[in-house]
Amino acid sequence: MESTIIGEFDTRRGAELAVEHVVQECGVPRSDVFVQAAGGTNTVGTRPAGSDVKASPAPEGRQKLEGPIEVSVDFHGDAPEKIADVLRSAGAKSVHTR
């Protein structure tokens, strides 16, 4: 059965971690996993994390914290629950299927 499983993340770090786990743990080809802003605005998430956090304060307005990041996985198997669980464990605030 073919479907698209979508997880929304507050941080770019969480989205990148989810991609790695989906590819490594679920065996999904990297070419079937996509990362983009959930809306039309360019964003790195809703809060800084990982490489987006600086040791010293950054000037105002440098980070685009304007919305969640979406990780979508084109799935062609029988058990989409495993991918949804992996997305949640990587920090997805919501997961849905389309």
Log entry, pairs with first residue in the range 77-98 being more than 11 Å from residue 26 (Cα to Cα), second being of a type in the set (A, V, I, L, M) and open to solvent by 40 Å² or more (accessible area, probe 1.4 Å), beta carbons closer than 8 Å, six or more apart or on different chains, reads 78/1; 90/17; 91/17
For residue 39, the lone unmet condition from (1) at pLDDT below 85; (2) farther than 17 Å from residue 15 by Cβ is (2)
Enumeration of residues in the range 3-26 that are touching a helix residue (DSSP H, G or I) at 6+ places or on another chain (Cβ under 8 Å), buried (at least 19 other Cβ atoms within 10 Å of the Cβ) and not in a helix (DSSP H, G or I): 5, 7, 9, 11
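Being assigned to a loop (DSSP other than H, G, I, E, B) and modelled with pLDDT of 60 or more is the filter here, so list the residues in the range 45-71 that pass it. Let's see the steps before the verdict.
Going residue by residue through the range 45-71, those that are assigned to a loop (DSSP other than H, G, I, E, B) are 46-49, 53-68.
Once the filter is applied, which keeps residues that are assigned to a loop (DSSP other than H, G, I, E, B) and modelled with pLDDT of 60 or more, the range 45-71 yields 47, 48, 49, 64, 65, 66, 67, 68.
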Anything in the range 72-82 that is at pLDDT 95 or above and aliphatic (A, V, I, L, M)? List them, or say none. 73
Where the second residue is surrounded by fewer than 20 Cβ atoms within 10 Å (Cβ to Cβ) and the first is more than 19 Å from residue 3 (Cα to Cα) and lies in the range 13-28, which pairs have Cβ atoms under 6 Å and are six or more apart or on separate chains? 13/49; 13/50; 14/91; 15/35
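The values are calculated or read from the model by the stated rules, or taken from the named source; none is laboratory data. Predicted model, so just to flag it, every value in this text is computed and none were measured. Every residue, glycine as well, gets a Cβ built from its backbone with ideal geometry; the counts of neighbours run over all protein chains shown. These accessible areas exclude ligands, DNA and RNA; they are computed on the full protein's heavy atoms, side chains included. Shrake-Rupley method; radii C 1.70, N 1.55, O 1.52, S 1.80 Å.
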